[in-house]
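Novice: Following this message is one structure expressed as structure tokens.
No lab work stands behind these numbers, since they all come straight from the coordinates. Computed from a predicted structure; not experimentally measured. Positions of Cβ are backbone-derived with ideal geometry, glycine not excepted, and every protein chain shown enters the neighbour counts.
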Amino acid sequence: MKSGLILFCLLVNTYATAKPIPKLQVGGSYYQRIVQVKDVIADVLPPPVYIVESYLMSFLILNQAEKAMSDKKIDANEMQSIDHLIEQLRELKEGISENAEVEGYFSRVKIWNADLDDSDETLKKLKELMTKTNVASVTEFYKIFETRFIPAIKQGDIALAEKYQTELHEIFSRHCKIVDEIVGIAKKRIAELELQANKEGVDAKVKGPLYNNIMLMKDLIADTLPPPSFIIEPYLLAWEMIYETGRSGAKGTNLKTMLEKSSRLKEAYLARHDYWVKNLKIKILRQAMVEDSYSPAENFYKIYEKDFIPALEKSDVALAKKIMNERLTPLYEKHRQVVDKLVLAADKQGIEIESEMALQLAKNR
């Protein structure tokens, strides 16, 4: 933490004392525009190398199976709904091969295995974490999901499925620590490269080696960062709290810890919202980021705090599930639809800025 603070202070001091940065250099106007687009994507992208969606899928499948088993059996239509969720899990793991429409976890790992080299200790560490350490935990996660959890669901054995779901939780927790380490290293690397770019005599043109390395780290962060402006983690945590309360009651220590985490996630979401309200000037992204995605999230938190949490505090799991299924989930899905469109718009905007930079660079040759 101390070294990170020193690095930040050095960076601030460098920018404060340096001459105005040419628009086609790292730190210049083109760089700032593309970095903002990359940061928007990192803030909202469902990250393919952070398996939060796959873990969330375990709760959605479990919930669907519980509703189906209300009459003690899963009929064909109900199994079709469960199979649809299982197929979504497969896509998160493997992607959709047709036209490379969606990249799954393991296809992204292959890309990072090619893009990260061993040219220095930082990149070597990142490659180790991304393509080996993290892969080991994720492989174990999917193995339990596919060979234990799903068969228990298809047999209608909810109790056994819940047991395996707790095993998934333990692996996911380990995975989260690895992800946090990856993001921390990548952010530090970006700060170091920006400092280097502002040293006298360093060729820091956009599209140059320094710029490309910074963009590589930005993309890595987008692939792994728990997205603070996308409420997938609060939504996941709500499901976790339902099942934790069902197991240990409202007095359980884990529920208290999760409520504290919920408050931190909301604070982070609101902090990023305020940041984008003040700083996002790209019109095509601003509407979606600060209004369209915010409205359902704001309503989500209102119901979450006013009705959902009090139900849990009374150990009324049935009511909490009803609120979750009928009121919170539709708001989450509405928010998610905006996020998906926002990612596509940000990608398009980034391509346009990169093309504009290329033209400017060609003119300056």
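Novice: Say each of Arg286 and Asp75 gets a label point 7 Å from the Cα, pointing the same way as Cα to Cβ; how far apart are those two points in nm?
Specialist: It is 5.3 nm.
Novice: Additional query: Distance in nm between label sites at Ser263 and Glu94, each 7 Å beyond Cα in the beta-carbon direction?
Specialist: For the pair Ser263/Glu94, the computed spacing is 4.5 nm.
Novice: Would you mind putting 330-336, 310-316 in packing order, based on average other-beta-carbon counts within 10 Å, highest first?
Specialist: 330-336, 310-316
Novice: With each pseudo-label sitting 7 Å past Cα toward Cβ, what's the Asp120-Ser295 distance in nm, one decimal?
Specialist: 4.6
Novice: Hey, what did the chain get for relative contact order, percent, Cα under 8 Å, at least 6 apart?
Specialist: Worked out over the chain, it gives 23 percent.
Novice: Still on this model: Using helices alone, I'd like the mean residue ellipticity at 222 nm for the chain: each DSSP H run of four-plus residues gives -39500 (n - 2.57), total over residue count, nearest 500.
Specialist: Result for the chain: -24000 deg cm²/dmol, rounded to the nearest 500.
Novice: What FRET efficiency would be calculated for the residue pair Gln196, Lys251, taking the C-beta separation as r and a Förster radius of 56 Å, to the nearest 0.05?
Specialist: It comes to 0.55.
Novice: For Glu103, enumerate residues with amide H under 5 Å from its amide H, sequence gap 5+ or separate chain, H modeled in the peptide plane.
Specialist: The answer is Ile96.
Novice: Do you know the relative contact order of the stretch 47-226, to the nearest whole percent, from alpha carbon pairs under 8 angstrom that are 6+ apart?
Specialist: Relative contact order here is 25 percent.
Novice: How far, in nm, would the chain grow between Ser29 and Gln360 when pulled straight, counting 0.36 nm per residue and subtracting the alpha carbon separation?
Specialist: The Ser29-Gln360 span can extend by a further 117.9 nm.
Novice: Additional query: I'd like the trypsin sites (Lys or Arg not before Pro) in the stretch 26-96 restricted to DSSP loop residues with at most 11 other Cβ atoms within 10 Å, sorted by number.
Specialist: Lys72, Lys73
Novice: Given that just one value was derived from the coordinates, which of (i) 153; (ii) 120; (iii) 134 is volume of the Cα convex hull per residue in Å³?
Specialist: Evaluating volume of the Cα convex hull per residue in Å³ on these atoms matches (i).
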